[in-house]
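Each remark here refers to the structure printed beneath this line.
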Amino acid sequence: MQLGQDETPLDVGQQRQVRPIDATDERLFSLWSMVDRDTMGNRYELLDDLVDDSNEIAHYHGHGQHGGSVSGRIVIKRDFEAAYKRLCEQYFNGDESLYTAQQFKRRYRVSPSIFEKVYQQLLGKGVFRRPDKLDACGRKGIHPLVRMTAAFRVLAYGCGADREDENLSIGESTVHDAVKSFCKLLIQEFGDEYLNRTPTVAERNRILKHNKTRGFPGLFASWDCKHFVWDNCPVALQGQHKGHHAGGKYTKILEAIADGSCYIWFVHFGAPGSCNDINVLDKSSIVGALLSGQLDLKTEPYEINGTIRDWMYFLVDGIYPNWAIFVKTIAKEAREATPHLDFYASRQEGVRKDIERAFGILVKKFHVLARPIRTWREDDMRNILYACIILHNMCCAERLEVTGQDVVETEFHDDYTDEEVNLTTADGGEQFIFNRVPVPTSDAANDMETLMTERFHRVNALYNHLSDPEKHLQLRTDLVAHLSGRQAEK
């Protein structure tokens, strides 16, 4: 815009700084319009007082004319380069490191090889940008190794975000950003491999062989739930998250399945703490994975007490429904008079402790889960929990690679022979599930309506078979006879 002949430009000091209209300005306008026209003489005096108050409020909220950073913020000159060198001398200097690999594993909760794998995969992503990248002032920022170490320490010790400032020279807000970015990237990069997936054929055979030596042929894993305290649960959500667990505190429920090596295969998190195991089961994503085929329970036919089946099952506690895929214990009153029922119940309860051990290892290893989780958002809480589960599964997979097999209970170990069962000639076809479920035809692929109808019939039939109470009772009866026969042989 060009100036007129009678207009002169304002000096820089005379130019008025304009800030966006906020709630304070709206309050000024409303008060200005409420003044009576008869008191017009006092109207400008009132405006001067309101403008002075507005300037004070704006200065308090950082909208003043000082410019730059937030008013009152303290600038700490941290030596990022010295913190990085000190960390390398302590843990990342090869054989010359100050601390040993055992001390590294105790403080990082993972082995050096797992940490190196995670670090190389996340390097250059999120806040873990390359160390040679400069900030806005042309200086090197915090090294990504320092950021990741701070994230590991928060998950491992459950400490406050400002605890690592003295040793790692990293601020509180920077640690918060590092933890959030680390959890999201870890799920993004390793979630498909270490979270919510069907085991491979080799993994499934290893699990079935291990559980067969424990007296439960066809057993896949144990199924249970655990509550985690949500310390910063919003007031609007406290009613549904308050239950009888943790002394009536506000909790979120984790539903998971784990095998004998404490490897957690599938998880579902997010149900409020006022729910019990049955309510969680009604909305469980694990059940959805069973019906959709993401978690495939189909296996080679196996025999229990003369009955042949083609599906894997889970060990659960007494509150779960009588589904075909669930094997529960027997009430104490019903088993006191019958020795073989008491032996079955003790064995079922002992093997079902796999999921309890997995929960215990997870909480003891990552103390951020043992303490009330101090996050405001549910997705941040979920990301922290899933990141800890992924790291836990990475440690379990590494242990299995070193040992080559699960730890077998020698007291009940038997040298079984893996005999092939002929599906076409074996009796007990009524106990089969997957060969009785309809499969969508290939001709229906071009017709979306027909394809969706056939998929619905398949899911409905599969659900009816998996939740059949008669198959549940027959499976438990066969297991009681199988275990009592083994005990008699002993």
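The values are calculated or read from the model by the stated rules, or taken from the named source; none is laboratory data. All values derive from a computational prediction rather than experimental measurement. Methodologically, a virtual Cβ is constructed for each residue, glycine included, from the backbone with ideal geometry; neighbour enumeration extends over all protein chains shown. Only protein heavy atoms, including side chains, enter the accessible area calculation; ligands, DNA and RNA are left aside. Shrake-Rupley method; radii C 1.70, N 1.55, O 1.52, S 1.80 Å.
Annotations for the structure displayed:
- Neighbourhood net charge (11 Å Cβ-Cβ; Lys/Arg +1, Asp/Glu -1) for Arg382: 0
- Unsatisfied cross-links (Cα-Cα over 19 Å) in the set Lys85/Lys365; Lys226/Lys249; Lys209/Lys298; Lys180/Lys364; Lys283/Lys365; Lys125/Lys184: Lys85/Lys365; Lys180/Lys364; Lys283/Lys365
- Pairs of alpha carbons in segment 117-188 separated by more than 17 Å make up 39% of all such pairs.
- Compactness of segment 157-274 was expressed as the Cα radius of gyration divided by 2.2 N^0.38 Å, which yields 1.42.
- Segment 144-205: relative contact order as a whole-number percent, Cα under 8 Å and 6+ apart: 30
- For segment 239-308, the alpha carbon positions stretch 49, 25, 22 Å along the principal axes, listed from largest to smallest.
- Carbon plus sulfur fraction of accessible area for segment 100-193, probe 1.4 Å, in percent: 46
- Other-chain or far-sequence residues with amide H under 5 Å of Ser97's (modelled H): none
- Based on Cα contacts under 8 Å between residues 6+ apart, segment 147-288 shows a relative contact order of 17 percent.
- Dividing the Cα radius of gyration of segment 187-235 by its Kirkwood radius returns 1.19 for Rg/Rh.
- If you take all other residues with their beta carbon under 12 Å from the beta carbon of Arg163, and give Lys and Arg +1 and Asp and Glu -1, the sum is -4.
- Each Lys or Arg adds one and each Asp or Glu subtracts one; over the other residues with Cβ under 12 Å from the Cβ of Ala271, this totals 0.
- Compactness of segment 250-290 as Cα Rg over 2.2 N^0.38 Å, two decimals: 1.19
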